[in-house]
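Let me begin by handing over the structure; questions about it come next.
The values are calculated or read from the model by the stated rules, or taken from the named source; none is laboratory data. If you're wondering where the values come from, they're calculated on a predicted model, not measured in any experiment. Backbone-built Cβ (ideal geometry, glycine too); neighbour counts: all protein chains shown. Just the protein is used for accessible areas: all its heavy atoms, side chains included, with ligands, DNA and RNA removed. Shrake-Rupley method; radii C 1.70, N 1.55, O 1.52, S 1.80 Å.
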Amino acid sequence: TVMGAMLFIGFGAGQLLGWSEMDCIFLGGMLSMSSTMIILKAYEEYKLKKEKFAQLVMGTLVIEDIAGIFMLIVLSAISVGQGISGIGSEIGTLLLMLVVWLIVGIYLIPTCLKAIAKLLNDELLIIVSLAICMGMVLIANAIGFSSALGAFMAGSILAGTVRGEVIERLTKPIKDLFGAVFFISVGMLIQPNMLVEYIWPIIIISIVTMFGQMIFSTLGMLFSGQSLRTAMRGGFSMVQIGEFSFIVASLGMSLGVISDFLYPIVVCVSVITSFLTPVFIRNAERAYGVVDKLLPQGAKVFLKRNTSERQMTDDKDDDW
């Protein structure tokens, strides 16, 4: 819901600004995904990772990351003028890779780690984990996909092993280090002269991004049966764009199909929306209180009848 809506909204915003059709298409792709890094960091700071809405948001972000890979394939094919057959071939390769990843993730790596568990101290475990991550990145690059997909697959495989929690604890300092590098690198991409020159497009796209992501994320969670409170807290978390937008922009720049000004504009929008994300997360509960007071009684009854805080539990079959 969110990705499809933001693709159309981004395209429309680009059209209103008078940009070329290819700039508009890539802008829609850049605005369609929230930032996993920024949301996760905010949840950790406010100790919200165990909340139901936070778990729903993180699950949504995982799906967005996978869908984003397919979107990169489609954008690449559109840019170089490939037909349906070219897109089908790329997607087929990706699906094959995902199947192999599933088999490796279920059988090979967990079995190997279990077999050598007695030999693995903390130092060896962290080296093996990073080696698996880097290996997956190399495989993804060799096939022609992004490094992010390879790292994501490695993390998913390691999370399913018996040592998953230990690996998460050991790699936390490394994650924090690269998180700092990420934010520093984003800050260094800001060009003050571009910020002044394109101030109005930046403001317009920032507003469109924040409210578009917030509204459609909230609606998506409501349609899935979550309560209004859970949906709003989740929707208020997903008001930013982040690392994936830079990947889409870099793709457009490398293929030479988008204008030079689009990359710095998206970087500025990412910084603005990232800074405002904690503000939205902190005030989500207050916003819910205001909306709850303003909702007509009929709407409240309808929402209570069709949504539930315990929706996930209520939907489970007793046999399962």
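Which ones in the range 164-190 are of a type in the set (Val, Ile, Thr) and either surrounded by 14 or more Cβ atoms within 10 Å (Cβ to Cβ) or under 29 Å from ALA5 (Cβ atoms) (or both)?
Pass one, the range 164-190, residues of a type in the set (Val, Ile, Thr): 166-167, 171, 174, 181, 184, 186, 190.
Residues satisfying the conditions are VAL166, ILE167, THR171, VAL186, ILE190.
Within the range 191-237, how many residues turn out to be open to solvent by less than 10 Å² (accessible area, probe 1.4 Å), of a type in the set (A, V, I, L, M) and farther than 20 Å from LEU303 by Cβ?
Here the count works out to 2.
Quick check: is even one residue across the range 271-284 open to solvent by less than 40 Å² (accessible area, probe 1.4 Å), closer than 30 Å to GLY242 by Cβ and out of contact with any helix residue (DSSP H, G or I) (no Cβ under 6 Å at 6 or more places or on another chain)?
Within the range 271-284 (the criterion being open to solvent by less than 40 Å² (accessible area, probe 1.4 Å), closer than 30 Å to GLY242 by Cβ and out of contact with any helix residue (DSSP H, G or I) (no Cβ under 6 Å at 6 or more places or on another chain)), the answer is yes, since at least one residue qualifies.
Under 7 Å between Cβ atoms, at least 6 apart or on separate chains: pull out the pairs that start in the range 294-315 with a residue that is surrounded by fewer than 11 Cβ atoms within 10 Å (Cβ to Cβ) and end on any residue that is at pLDDT below 75.
ASP314/SER308
On to the next question. Got a number for residues in the range 240-260 being part of a helix (DSSP H, G or I), modelled with pLDDT of 80 or more and over 14 Å from PHE182 (Cα atoms)?
4
Here's a follow-up. Pick from the range 162-175 the residues that are basic (Lys, Arg) and assigned to a helix (DSSP H, G or I): which of them is farthest from GLU123 (Cα to Cα)?
Looking at the filtered set, the residue picked out is LYS175.
Here's another thing I want to ask about it. Taking interchain pairs and intrachain pairs at least six residues apart, which have beta carbon atoms under 9 angstrom, with the first residue in the range 198-226 and under 22 Å from THR36 (Cα atoms) and the second open to solvent by 50 Å² or more (accessible area, probe 1.4 Å) and acidic (Asp, Glu)?
Close Cβ pairs satisfying both conditions: GLN226/GLU309.
Here are LEU170, LEU189: which of them is in contact (Cβ under 8 Å) with a residue 40 or more places away in the chain and over 22 Å from the mean Cα position of the chain (by Cα)?
Result: LEU170 is the single residue among LEU170, LEU189 that is in contact (Cβ under 8 Å) with a residue 40 or more places away in the chain and over 22 Å from the mean Cα position of the chain (by Cα).
Oh, and also: How many residues are within 30 Å of PHE244 (Cα to Cα) and either over 26 Å from the mean Cα position of the chain (by Cα) or in contact (Cβ under 8 Å) with a residue 24 or more places away in the chain (or both) when one looks only at the range 109-132?
Final tally of qualifying residues: 9.
Also: Those residues that are among the aliphatic types (A, V, I, L, M), assigned to a helix (DSSP H, G or I) and open to solvent by less than 40 Å² (accessible area, probe 1.4 Å), I need them from the range 104-125; list them, please.
If the condition is that a residue be among the aliphatic types (A, V, I, L, M), assigned to a helix (DSSP H, G or I) and open to solvent by less than 40 Å² (accessible area, probe 1.4 Å), then VAL104, ILE109, LEU113, ALA117, LEU125 are the ones that fit.
Scanning for something part of a helix (DSSP H, G or I), more than 19 Å from the chain's Cα centre (by Cα) and surrounded by fewer than 18 Cβ atoms within 10 Å (Cβ to Cβ), does the range 150-161 turn up at least one residue? Break it down into steps so the answer makes sense when it comes.
We begin by selecting, within the range 150-161, every residue part of a helix (DSSP H, G or I); these are 150-159.
Going one step further and asking which of them are more than 19 Å from the chain's Cα centre (by Cα), we end up with 158.
Right, trim to surrounded by fewer than 18 Cβ atoms within 10 Å (Cβ to Cβ) and you get none.
Among the residues of the range 150-161, not one is part of a helix (DSSP H, G or I), more than 19 Å from the chain's Cα centre (by Cα) and surrounded by fewer than 18 Cβ atoms within 10 Å (Cβ to Cβ), which makes the answer no.
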